[in-house]
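Q: The structure under discussion is supplied below as C-alpha cells; questions concerning it will follow.
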Amino acid sequence: MITMEDIIREGHPALRQRAKKVEIPISQDVKDLGQEMMTFLVNSQDPELSEKYDLRAGVGLAAPQIDQGLRIAAVHIPDEYEDDSPIFSDVLINPIIKRQSVKKAALPTGEGCLSVDREVPGYVARSKRITIEYTDLNNQVQKVKLNDYSAVVVQHEIDHLNGIMFYDHINEEDPFYLDSDTELLE
Ligand SMILES: Cc1nc(NNC(=O)[C@H](CC2CCCC2)CN(O)CO)c(F)c(N2CCN3CCOC[C@@H]3C2)n1
Ligand code: NI
C-alpha cells in the first residue's frame, strides 16, 4: 500500500517533469497503480487508518508524487455532509481540460501539497468551472463538468502532471492578492 514514504518531496526533480501519456487500453499495472492511489486517499481520510499508517489527509494524488512519470491522478472528494456519496471520486488517466471559465476561484485557506512539507501562505486562483475529459480505469472516456472545490482539486492534480506546484500560482508581491474575477470559496 502507498504510505507517506512513497511520496516524493519538493526538490525531487520528478516533481518538475512533464508526465508521459498512458497507453490506452490501460495495462493491468496502470490499473493496479490507479487503484492503489485511490486506496491511499480513502485510507488517508479514515481516522483510524490515517492514524495507524501515519498518513497526511489527501483529496487528490498525482502519479508523479509517487515517482511515476505517468498522466494519472486519483481524486476522492467527500461530501462533508453525507459521508457515503463523495462529490467526485475517480482515477483520471490522461486528463485534459477541455473548457475552463474565465471566472476564478480560490480556497480561502490557500493550498497545501503532500509533496511540500511546509506552509506556503497565499491564494491560488484557479478556474471556477472546468470541463475535463479523461479515460477511467475501465477504459471508458469520461467527460465531466466540475466547479468550485472539485474543480480546484482536479486543477491542482493536473498541474502535477505538468510539473507545476501550487505555489507557482501565488502572487509574490502580495500572496493574498485577489483580482476582481476571483471568488473565495466558502
Ligand atoms: C483541500 C484539502 N486538502 C487536503 N489535503 N491536501 C491535499 O489533498 C492535496 C491536494 C489539495 C490541496 C488543495 C487542492 C487539492 C494533496 N496533493 O498534494 C495532491 O497533489 C485535505 F486533506 C482536505 N480535506 C478535506 C476533506 N476531509 C475529509 C475527511 O478526511 C480529511 C479530509 C481533509 N482538503
Ligand atoms: Ni499536490
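Q: Pick out the one residue from Pro47, Pro86, Pro13 that is open to solvent by less than 70 Å² (accessible area, probe 1.4 Å) and free of Cβ contacts under 8 Å to residues at least 40 places away in the same chain.
A: Values: Pro47 fails: open to solvent by less than 70 Å² (accessible area, probe 1.4 Å); Pro13 fails: open to solvent by less than 70 Å² (accessible area, probe 1.4 Å).
That would be Pro86, the only listed residue that is open to solvent by less than 70 Å² (accessible area, probe 1.4 Å) and free of Cβ contacts under 8 Å to residues at least 40 places away in the same chain.
Q: Could you please find all residues in the stretch 148-178 being among the aromatic types (Phe, Trp, Tyr) and either in contact with a Pro (Cβ under 8 Å, 6 or more places away or on another chain) or surrounded by fewer than 16 Cβ atoms within 10 Å (Cβ to Cβ) (or both)? It would help to see each step written out before you state the result.
A: Taking the stretch 148-178 as the starting set, the residues that turn out to be among the aromatic types (Phe, Trp, Tyr) are 149, 166-167, 176-177.
Within the stretch 148-178, Phe176, Tyr177 meet the criteria.
Q: List the number of the failed condition for Ile96; all other conditions in (1) open to solvent by 20 Å² or more (accessible area, probe 1.4 Å); (2) within 11 Å of ligand 1 (Cβ to nearest atom); (3) without any contact (Cβ under 8 Å) to a residue 40 or more places away in the chain; (4) under 14 Å from the mean Cα position of the chain (by Cα) hold.
A: Ile96 satisfies every listed condition except (2).
Q: Residue under question is Thr109, and the condition is that it be closer than 28 Å to Asp181 by Cα, more than 13 Å from the chain's Cα centre (by Cα) and open to solvent by less than 90 Å² (accessible area, probe 1.4 Å); does it hold? First the steps, then the outcome.
A: On the way: closer than 28 Å to Asp181 by Cα: yes; more than 13 Å from the chain's Cα centre (by Cα): yes; open to solvent by less than 90 Å² (accessible area, probe 1.4 Å): no.
Here the answer is no, as Thr109 does not meet what is asked.
Q: Is one or more of the residues making up the stretch 102-114 over 30 Å from Asp32 (Cα atoms), away from ligand 1 (no atom under 13 Å from the Cβ) and touching a Ser or Thr at 6+ places or on another chain (Cβ under 6 Å)? Please lay out each step first, then the result.
A: First pass over the stretch 102-114, keeping only residues over 30 Å from Asp32 (Cα atoms): 102-110.
Next, only the ones that are away from ligand 1 (no atom under 13 Å from the Cβ) stay: 102-104.
Filter once more, so that each one left must be touching a Ser or Thr at 6+ places or on another chain (Cβ under 6 Å): 104.
Yes, some residue in the stretch 102-114 is over 30 Å from Asp32 (Cα atoms), away from ligand 1 (no atom under 13 Å from the Cβ) and touching a Ser or Thr at 6+ places or on another chain (Cβ under 6 Å).
Q: When you look at Ala63, is it modelled with pLDDT of 95 or more, within 16 Å of ligand 2 (Cβ to nearest atom) and surrounded by fewer than 21 Cβ atoms within 10 Å (Cβ to Cβ), yes or no? Don't jump to the end; show me each part of the working.
A: Working: modelled with pLDDT of 95 or more: yes; within 16 Å of ligand 2 (Cβ to nearest atom): yes; surrounded by fewer than 21 Cβ atoms within 10 Å (Cβ to Cβ): no.
No; evaluated as a whole, the condition is false for this residue.
Q: For the stretch 107-137, enumerate the residues that are closer than 24 Å to Arg71 by Cα and within 16 Å of ligand 2 (Cβ to nearest atom). Before you say what the answer is, go through the steps one by one.
A: Taking the stretch 107-137 and keeping what is closer than 24 Å to Arg71 by Cα, we get 111-117, 124-137.
Residues satisfying the conditions are Glu111, Gly112, Cys113, Leu114, Ser115, Val116, Asp117, Val124, Arg126.
Q: So which of Glu80, Glu133 ends up being out of contact with any Phe, Trp or Tyr (no Cβ under 9 Å at 6 or more places or on another chain), open to solvent by less than 70 Å² (accessible area, probe 1.4 Å) and not polar (S, T, N, Q)? Reasoning before the result, please.
A: Details: Glu80 fails: open to solvent by less than 70 Å² (accessible area, probe 1.4 Å).
On inspection, the qualifying residue turns out to be Glu133.
Q: Suppose we filter Val144, Val120, Val116 for residues that are under 21 Å from Asp179 (Cα atoms) and either in contact (Cβ under 8 Å) with a residue 40 or more places away in the chain or surrounded by fewer than 15 Cβ atoms within 10 Å (Cβ to Cβ) (or both); which single one remains? First the steps, then the outcome.
A: On the way: Val144 fails: under 21 Å from Asp179 (Cα atoms); Val116 fails: under 21 Å from Asp179 (Cα atoms).
Result: Val120 is the single residue among Val144, Val120, Val116 that is under 21 Å from Asp179 (Cα atoms) and either in contact (Cβ under 8 Å) with a residue 40 or more places away in the chain or surrounded by fewer than 15 Cβ atoms within 10 Å (Cβ to Cβ) (or both).
Q: Here's another thing I want to ask about it. Among (1) more than 18 Å from Glu186 (Cα to Cα); (2) within 13 Å of the chain's Cα centre (by Cα), there is one condition Lys143 misses while meeting the rest; what is its number?
A: Among (1) more than 18 Å from Glu186 (Cα to Cα); (2) within 13 Å of the chain's Cα centre (by Cα), the lone unmet condition for Lys143 is (2).
Q: If a residue has to be in a helix (DSSP H, G or I) and more than 18 Å from the chain's Cα centre (by Cα) to count, how many in the stretch 32-77 make the cut? Step through it out loud before you land on a result.
A: Step one: list which residues in the stretch 32-77 are in a helix (DSSP H, G or I), which gives 32-44, 47-52, 63-66.
Adding the requirement that they be more than 18 Å from the chain's Cα centre (by Cα) leaves 32, 47-52.
Qualifying residue count, the stretch 32-77: 7.
The values are calculated or read from the model by the stated rules, or taken from the named source; none is laboratory data. Quick caveat, the model's predicted, so the values are computed rather than measured. Cβ coordinates were reconstructed from backbone atoms using ideal geometry, including for glycine residues, and neighbour counts include every protein chain displayed. What goes into the accessible areas is simple: the full protein's heavy atoms, side chains included, and nothing from ligands, DNA or RNA. Shrake-Rupley method; radii C 1.70, N 1.55, O 1.52, S 1.80 Å.
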